[in-house]
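J.: A single structure is presented below for examination.
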Amino acid sequence: MNTLLWIILGIVAVIVGWFVAAYNGFIRLINRAKEAWSDIDVQLKRRYNLIPNLVETVKGYATHEREVFEKVTEARTRAMGAQSTQERAKSENMLTGALKSLFAVSENYPQLKANENFLELQHELSDTENKIQAARRFYNTNVRDLNIKIDSFPANIIAGVFAFKKMDFFELEEEAARKPVKVDF
């Protein structure tokens, strides 16, 4: 009888230990994904802060390109106001397209391309785009790991009990992914 009690207690301890470890694993993955999203958010804010300076610099040389400036400004405003991951991805794709238009316009102004402030802004934006891409990969890796664990047996039991939800990937449209923003001439 004493041995049977120890065996039952051992089995219960193993189940409770697994339950705790699985729960903590979910918490770790969720926090990593949130941290990764925070990295994306920081880089996107940096990008948003560079855009007005870039637009003003280009405006000084290309005053008749009002439509391009309006598109960039509108896309930036939408991106800053996006709430969900999907909204953010869509608005970021629009902003990338608007920036491509802005840089295409700047091609027509040789004095602008030689402007030191413009060149520095180009460099900063290029650096920021690279950091956004790296942060996006880090975020998507963590989201993938979380989503796999939510779908995998027996961890899906814990996910169901505690209502852990899958997270959305932060994806670029295929065209945007194939054609990065051109920032150097």
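The values are calculated or read from the model by the stated rules, or taken from the named source; none is laboratory data. This is a predicted model, so every value here is computed, not measured. Cβ placement follows ideal geometry from the backbone for every residue including glycine, while neighbour counts extend to all protein chains displayed.
J.: With respect to V58, determine if the residue is over 30 Å from L146 (Cβ atoms) and assigned to a helix (DSSP H, G or I). Even if it seems obvious, please write down each step before you answer.
T.: Numbers: over 30 Å from L146 (Cβ atoms): yes; assigned to a helix (DSSP H, G or I): yes.
Taking the combined requirement at face value, the residue satisfies it.
J.: Return only the number of the condition from (1) assigned to a helix (DSSP H, G or I); (2) on the phi > 0 side of the Ramachandran plot; (3) of a type outside the set (S, T, Y) that N142 does not satisfy.
T.: Going through (1) assigned to a helix (DSSP H, G or I); (2) on the phi > 0 side of the Ramachandran plot; (3) of a type outside the set (S, T, Y) one by one, N142 breaks only (2).
J.: Please pick out the residue among E120, E124, E92, E87 that is surrounded by fewer than 19 Cβ atoms within 10 Å (Cβ to Cβ) and touching a residue at least 40 places away in the same chain (Cβ under 8 Å). Explain how you work it out, then say what you get.
T.: Working: E120 fails: touching a residue at least 40 places away in the same chain (Cβ under 8 Å); E92 fails: surrounded by fewer than 19 Cβ atoms within 10 Å (Cβ to Cβ); E87 fails: touching a residue at least 40 places away in the same chain (Cβ under 8 Å).
It is E124.
J.: Next up: Could you please find all residues in segment 127-148 being aliphatic (A, V, I, L, M) and surrounded by 14 or more Cβ atoms within 10 Å (Cβ to Cβ)?
T.: Initially, segment 127-148 is screened for residues aliphatic (A, V, I, L, M), giving 132, 134-135, 143, 146, 148.
Listed by number, the residues that qualify are I132, A135, V143, L146.
J.: Of the residues R76, R28, R46, R32, only one is touching a helix residue (DSSP H, G or I) at 6+ places or on another chain (Cβ under 8 Å), closer than 20 Å to K166 by Cα, in a helix (DSSP H, G or I) and not hydrophobic (A, V, I, L, M, F, W, C); which? Give the derivation first.
T.: On the way: R76 fails: closer than 20 Å to K166 by Cα; R28 fails: touching a helix residue (DSSP H, G or I) at 6+ places or on another chain (Cβ under 8 Å); R46 fails: closer than 20 Å to K166 by Cα.
After applying the criteria, what remains is R32.
J.: Do you know which of the residues in segment 61-73 that are of a type in the set (A, V, I, L, M, F, W, C), in a helix (DSSP H, G or I) and at pLDDT below 85 is farthest from K45 (Cα to Cα)?
T.: At the first step, the residues of segment 61-73 found to be of a type in the set (A, V, I, L, M, F, W, C) are 62, 68-69, 72.
Subsequent filtering for residues that are in a helix (DSSP H, G or I) retains 68-69, 72.
Narrowing further to those that are at pLDDT below 85: 68-69.
Numbers: V68: 21, F69: 19 Å.
Filtering first and then ranking leaves V68.
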